[in-house]
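Engineer: Just passing along the structure, written as structure tokens.
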Amino acid sequence: MNKQDTTYLDQLEAEAIFILREVAGQFEKPALLFSGGKDSITLVRLAEKAFRPGKFPFPLVHIDTGHNFPETISFRDDMIARIGEKLIIGHVQDSIDQGKVIEQTGKNASRNALQTVTLLDTIAEGKFDACIGGARRDEEKARAKERIFSVRDEFGQWDPKRQRPELWNIYNGKIHKGENVRVFPISNWTELDVWNYIRRENIELPSIYFAHERDVITRNGQLMAAADCLNMDSDDQIERRNVRFRTVGDMTCTAAVESDADQIDDIIEEIKMSKISERGARMDDKVSEAAMEDRKKGGYF
Amino acid sequence: MIKYLRLQWKTAKKGGIFNMDLLKFFTAGSVDDGKSTLIGRLLYDSESILADQLEALQQSNRKNDDGTIDLAILTDGLKAEREQGITIDVAYKYFQTDKRKFIIADTPGHIQYTRNMVTGASNSDLAIILVDARNGVVEQTVRHSFIVSLLELKHVVVCINKMDMVDFSEDAFNKIHKSYSEIALKLKLKEVTYIPVSALKGDNIVNRSQNMSWYAGKSLLDHLETTEVNEDVKSVQARMPVQWVIRPQTDELHDYRGYAGRVLSGSFRVNDKITVLPSGIRSEISKIETNMQEQDEVHSGTSVTLHLKDNIDIGRGDILVNSTHEPIVSQSIEADLCWMDTKPLDTSIMYLLQHNSKVTKCKIRDILHKVNINTLEKIETDTFQLNDIGRIVIRTAEPLAFDLYQVNKLNGGAILIDPRTNLTVGALMFRASAE
Ligand SMILES: Nc1nc2c(ncn2[C@@H]2O[C@H](COP(=O)(O)OP(=O)(O)O)[C@@H](O)[C@H]2O)c(=O)[nH]1
Ligand SMILES: [Mg+2]
């Protein structure tokens, strides 16, 4: 490698494009799991670099909990119109209506856990053999051990003990019927790398990533966007604060941070200075130290 | 050059991190030599651990005897590992300093995890080998060093750890230095650096130690930040396996046909004469694109789209190479094999061999020997069990265009897949054509 004139961002980008093209070459029916967050938006840019002027050799798949930030949904639809690629939407509401999952009740109710079922159904229906996702190894300890090509059994489960060794840049995508592979092209990126890349490439993001005034309530010590799906009652005091979101997930489990960073440069500065790692702002990991590992075994992204 | 300087100046203004490069390294050592502690220390002292991760650490009930937090928990990520207190898989960790970005592969040291170590080593530029100052060079040290030489890692750092337990003695360090030099010589390891450290107390990890004034060298981090790790593959050895063919087939791009792939090694220029292998058809490069922008020249590591002057039938599995320096094309290859499956090697069945974008059937024609990786003796054998390493001859159904692993790693390595289970069961390093 000619390292004098390639920077690490170029190296990470080249690796991610390489992985996306491996997916195209090795699988019959891949799909790109699009969450509307910055990581999957980055994946879309990388796919443009990998396949233009051709079309993407896969559709985008979005699992809509019905409790998404409205900003995310409108961003998604604008983006799809701009890039001219196919979007498939799986609705958690459909899984609820079909009786496949039961809506949680109470104050901490969230559809976050339910989306696994909708995701697996959407994968089965589309007969997808590979699903590209934007997970990164720096997010969490269990993820630090996950492969770039991560095989899931027919129940969507990840078995950390049966992982295939990944040597050099050779990825083994051979699977049996019913299995599928989750592919993580930006495994080796950190949160800061993604932000620096977004800045370098001028990638557009949903507005909730930038500081804005918003009605919020405090739940379990975290600031949450005030919304009907949070089952608010008279105990919940609505306050107007200047906030932004560090990840874009379901409104019921994505906490805001107070911030004045309304420009990407400010966000990058803030992250560098930050004392809270990214997943710290997601309540679903707080449950136990092994939370992520358990959820992955069950087929979560 | 001017362009490069300008870029540097621009990015320096923006915070100066864009022109940093990336160093991938892995750690090897026996159980309890302190690998996880060392990595934890690097992360901790370089302030790469965030507050809430630290808090989770402090709340964890695994503590050192003196009550300080156990830094090893940072890398021992899986539940089974936390319960057993050992490392059973490769964990990747990331950190950066002002000078460089680092990717660490933390690999387990037990003999039953040799395959994980081979995996970690295959993805690294540099190896850190830990030696316990009290025990000196032991059997495992030989094994880990053998893997480093097998995978052709050019840069080795021997960290003599737990110096605090031998009173930071220069004598102890020198003794180990001397006995390791013999191993390095035997294994033809090229660049070896020796650093006395205490991972637990932090001596010579990030900061120079106050306890070892006799040591004049750099701290470990300083060494990692400054060591040069450019691959020394010649730039004329240009290779690009075709991953995917871009054919939009729209009205305005009717004749567009781009070969998408990543330059494995060397450089490609417009008008270069190239050969398509294994077919042997020749052509010239008419256009080079990265991100739909035309380039005059591209270098190794870059994901590109190449266009040729002639319309030839090329697809995934083919490799484009510079015609002046073509690789070997052969169907019989002598290779080193590391066996990675619990099911032993079966010479009666057909395996799949994946070499870059090419997949072909293959058979094991001959087993030459295996190596006792603790003593380096060659042993006769008729099979390979999990973690065995040795030399075999394979025969492939289709010809492969490859370089020798010692000359060009990325075009000289391949994996074996068991078609019954689809598992990756072997790592191959091509050593010679056997035709
Ligand atoms: N005194 C001393 N103990 C150490 C040092 N490095 C590691 N240890 C201890 O050695 C034990 C094994 O360390 P660990 O990092 O888990 O080893 P690994 O198996 O190689 O990952 C732990 O109890 C550490 O606290 C050191 O430099 N000095
Ligand atoms: Mg360990």
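Engineer: Calculate, for the protein assembly as shown, the solvent-accessible area per residue in square angstrom, rolling a 1.4 angstrom probe over the heavy atoms of the protein chains.
Structural biologist: 40
Engineer: Any idea of the total accessible area buried by the A-B contact, 1.4 Å probe, rounded to 100 Å²?
Structural biologist: Summing both chains' loss of accessible area gives about 6600 Å².
Engineer: Calculate the FRET efficiency for B:Arg208 and B:Asn374 from the Cβ-Cβ distance with a Förster distance of 41 Å, rounded to the nearest 0.05.
Structural biologist: Taking R0 as 41 Å, the efficiency between B:Arg208 and B:Asn374 is 0.75.
Engineer: Okay, next question. Please name the residues of the stretch A:175-210 whose accessible area, counted over protein heavy atoms with a 1.4 angstrom probe, falls by no less than 50 Å² between the chain alone and the full protein assembly.
Structural biologist: A:His176, A:Asn188, A:Arg199
Engineer: Taking θ = phi - 60°, what integer Hz values does the Karplus form 6.51 cos²θ - 1.76 cosθ + 1.60 yield along the stretch B:121-135, in sequence order, with x for Gly and Pro?
Structural biologist: Per residue, the Karplus-derived 3J(HN,Hα) values read 5, 5, 9, 10, 9, 8, 10, 9, 10, 8, 10, 6, 4, 6, 9 Hz.
Engineer: Further question on the same structure: Using Cα springs under 10 Å in a Gaussian network model of chain A, which residue among A:Asn242, A:Asn180, A:Asn169 shows the largest mean-square fluctuation?
Structural biologist: A:Asn169
Engineer: Please give, to one decimal in nm, the separation of the simple spin-label points placed at A:Ala227 and B:Asp255, each 7 Å out from Cα toward the Cβ.
Structural biologist: Using points 7 Å along Cα→Cβ, the separation is 5.2 nm.
Engineer: Full extension from A:Asp262 to A:Ala113: what is 0.36 nm times the residue separation minus their Cα-Cα distance, to one decimal in nm?
Structural biologist: Fully extending the segment from A:Asp262 to A:Ala113 adds 50.5 nm.
Engineer: How would you order B:118-128, A:117-127 from highest to lowest mean count of nearby Cβ atoms within 10 Å?
Structural biologist: So the order, starting with the most tightly packed, is B:118-128, A:117-127.
Engineer: Another one. What's the carbon and sulfur percent of the protein assembly as shown's accessible surface, probe 1.4 angstrom, rounded to a whole number?
Structural biologist: The value for the protein assembly as shown is 47 percent carbon and sulfur by accessible area.
Engineer: Rounded to whole Hz and in sequence order, give me ³J(HN,Hα) for the stretch A:234-245 from the Karplus expression 6.51 cos²θ - 1.76 cosθ + 1.60, θ = phi - 60°, writing x for Gly and Pro.
Structural biologist: Those phi angles translate into 5, 5, 7, 8, 7, 10, 9, 9, 8, 9, 8, 10 Hz.
Engineer: On to the next question. Residues of the stretch B:285-302 with accessible area at least 50 Å² lower in the all-protein-chain context than alone (1.4 Å probe)?
Structural biologist: By number: B:Asn291, B:Met292, B:Ser300.
Engineer: Accessible area, 1.4 Å probe, largest first: how do B:Ile281, A:Ile63 sort?
Structural biologist: B:Ile281, A:Ile63
Engineer: Starting from the amide H of B:Met340, placed 1.01 Å from N in the peptide plane, find each other amide H under 5 Å away whose residue is 5 or more places distant or on another chain.
Structural biologist: B:Asn387, B:Gly426, B:Ala427
Engineer: All other residues with a Cβ under 15 Å from the Cβ of B:Gly217 taken together, and with Lys, Arg as +1 and Asp, Glu as -1, what is their net charge?
Structural biologist: -3
Engineer: Compute a Gaussian network model of chain A, connecting alpha carbons closer than 10 Å, and tell me which residue from A:Lys38, A:Lys29, A:Lys272 fluctuates the most.
Structural biologist: The residue with the greatest mean-square fluctuation here is A:Lys272.
Engineer: Here is a follow-up. For all pairs of alpha-carbon atoms in the protein assembly as shown, what percent lies in each bin of width 10 Å, listed from the first bin to the last filled one?
Structural biologist: P(r) for the protein assembly as shown, in whole percents per bin: 3, 14, 24, 27, 20, 10, 3, 0, 0.
Engineer: Report the net charge of residues surrounding A:Gly90, where surrounding means a beta-carbon distance below 10 angstrom and charges are Lys +1, Arg +1, Asp -1, Glu -1.
Structural biologist: -4
Engineer: Accessible area drop of at least 40 Å² (1.4 Å probe, protein heavy atoms): which residues of the stretch A:136-169 qualify, relative to the chain alone?
Structural biologist: Hits at the 40 Å² cut-off: A:Arg137, A:Lys141, A:Ala144, A:Lys145, A:Arg147, A:Lys161, A:Arg164, A:Pro165, A:Leu167, A:Trp168, A:Asn169.
Engineer: If you don't mind, another one. Keeping all protein chains in place and using 1.4 angstrom, which order do A:Lys161, B:Lys101 fall into by accessible surface area, from largest down?
Structural biologist: Ranked from most to least accessible, the order is A:Lys161, B:Lys101.
Engineer: Could you give the dipole magnitude of the protein assembly as shown about its Cα centre, charging the beta-carbon of Lys and Arg +1 and that of Asp and Glu -1, in debye to the nearest 20?
Structural biologist: Using only the charged Cβ atoms, the result is roughly 1640 debye.
Engineer: Which entries in the list B:Lys101/B:Lys190; A:Lys49/A:Lys174; A:Lys145/A:Lys177; A:Lys127/A:Lys174; B:Lys101/B:Lys287; B:Lys175/B:Lys370 go over 21 Å, if you measure between the two C-alpha atoms of each?
Structural biologist: Beyond 21 Å: B:Lys101/B:Lys190; A:Lys49/A:Lys174; A:Lys145/A:Lys177; B:Lys101/B:Lys287; B:Lys175/B:Lys370.
Engineer: Just how much of B:His355 is accessible, in Å², when a 1.4 Å probe is used and the result is rounded to the nearest 10?
Structural biologist: 10
Engineer: Give the long-range amide H neighbours of B:Ala432: residues separated by 5 or more places, or on another chain, with amide H under 5 Å away, using H modelled in the peptide plane at 1.01 Å from N.
Structural biologist: Those lying under 5 Å, H to H, from B:Ala432 are B:Glu334.
Engineer: Compute the signed sum of charges (Lys and Arg +1, Asp and Glu -1) over the other residues within less than 10 Å, Cβ to Cβ, of A:Leu12.
Structural biologist: Counting the neighbours of A:Leu12, the net charge comes to -3.
Engineer: Turning to a different aspect of this structure: For q = 0.11 Å⁻¹, what log10 I(q)/I(0) does chain A give under the Debye formula with an equal point scatterer on each alpha carbon and no solvent?
Structural biologist: -0.67
The values are calculated or read from the model by the stated rules, or taken from the named source; none is laboratory data. Computed from a prediction, not measured in an experiment: that's the story for all the values here. Don't worry about glycine lacking a Cβ; one is built from the backbone with ideal geometry, like all the others, and counts go over all protein chains shown. Only protein heavy atoms, including side chains, enter the accessible area calculation; ligands, DNA and RNA are left aside. Shrake-Rupley method; radii C 1.70, N 1.55, O 1.52, S 1.80 Å.
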